[in-house]
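Single-structure report; data block below.
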Amino acid sequence: MAVELLETLKDSITAYTGLSPTTFFTVVAVALAFYYVVSEFFGSSDHAHQQRPRDFEEQMQPLPPPVQLGEISEHELKEYDGSDSKKPLLMAIKGQIYDVSQSRMFYGPGGPYALFAGKDASRALAKMSFEEKDLTGDISGLGPFELEALQDWEYRFMSKYVKVGTIKQTVPVSDAAPNGESVESTDGEAKPTEAVASESAKPSEDGPSGSVVAETVDKSDGDVDKKD
């Protein structure tokens, strides 16, 4: 029964389409595949357009002009790591801070270089390292090739981004004891001179000086001679 139904279907296809059953089914399969591909292409495009992330829409908006921050500390720089979309995205190289907001897809949250944002990543850039210990502005001990790589990064940032400030350098407080000692010794050396001057100016507590006594004796002798 099934064989007779299949033979009847083949005859009907040949009679109505003029094509052999094999050709007919091949054309139907190609048509279905083409429909599937086209529907998937346009359907996924519409879905992606409807589900576009809000962050992408924010990136399409015009960026505000860079704000000059002047000199700030490394702790204050961490506030501009991109976690707050209302603040600019900043990054520093060799103590110079740049506004990298226009490259938020690279340095913003989720980007390949997001761990550099809000920091002075000079050492990490020079070594092309993503380790936490290298996320610092300390470039001591780097080799010539690493310093050259860092210089290339700096030139790239200077030409592409706007400099908005510098990192405040912490200066260690030096011990003021040596200065205090020198001051004290200077005062000590000056005291004897002052003491001599004060003693010479101070009147004698034991009575008149020897020169005054001598003058008094001479005057007394003179008066006696006149009387004689």
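The values are calculated or read from the model by the stated rules, or taken from the named source; none is laboratory data. Quantities reported herein were computed from a predicted structural model and do not represent experimental measurements. When we count neighbours, we look across all protein chains shown, and the Cβ atoms used for this are built from the backbone with ideal geometry, even at glycine. Protein only, heavy atoms only, side chains kept; ligands, DNA and RNA dropped before computing areas. Shrake-Rupley method; radii C 1.70, N 1.55, O 1.52, S 1.80 Å.
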remark   = Under the Karplus relation with 6.51, -1.76 and 1.60 and θ = phi - 60°, whole-Hz ³J(HN,Hα) for the stretch 88-96, x at Gly and Pro, equal x, 9, 10, 8, 10, 9, 6, x, 9
message = At 1.4 Å probe size, with the rest of the protein present, what percent of the exposed accessible area of the stretch 87-177 is carbon and sulfur atoms?
response = 56 percent
query = Shape of the stretch 116-163 from its Cα gyration tensor (a ≥ b ≥ c, root eigenvalues): rounded if a/c is under 1.5, otherwise prolate when a/b > b/c, or oblate?
reply = oblate
query = What is the set of long-range amide H partners of V100 at a cut-off below 5 Å, with H atoms built 1.01 Å from backbone N?
reply = L89, L90, M91
inquiry  = Rounded to the nearest 10 Å², what accessible area does K163 have for a 1.4 Å probe in the complete protein model?
reply    = 90 Å²
query = Taking R0 as 41 Å, what's the FRET efficiency between F145 and S85 from their Cβ-Cβ distance, rounded to 0.05?
reply = 0.65
request  = For M105, tell me the accessible area in Å² from a 1.4 Å probe, rounded to the nearest 10.
outcome  = 120 Å²
key: FRET efficiency estimate (nearest 0.05) - Cβ-Cβ, Q68 to R156, R0 22 angstrom   = 0.55
query = Between T136 and residues 5 or more places away or on another chain, which pairs have amide H atoms under 5 Å apart, with H built 1.01 Å from N, and which residues are they?
reply = S122, R123, A124
query = Once Rh for the stretch 54-135 is found with the Kirkwood sum over Cα pairs, what is the Stokes-Einstein diffusion coefficient at 20 °C and 1.002 mPa s, in µm²/s?
reply = 165 µm²/s
query = How much length is gained on full extension from K168 to K78, taking 0.36 nm per residue of separation minus their Cα-Cα distance?
reply = 31.1 nm
Residue-level accessible surface for D84, protein heavy atoms, 1.4 Å, Å² = 60 Å²
task = Rounded to the nearest 0.05, what FRET efficiency do F34 and M105 give with R0 = 35 Å and r taken as the Cβ-Cβ distance? Could you check?
result = 0.50
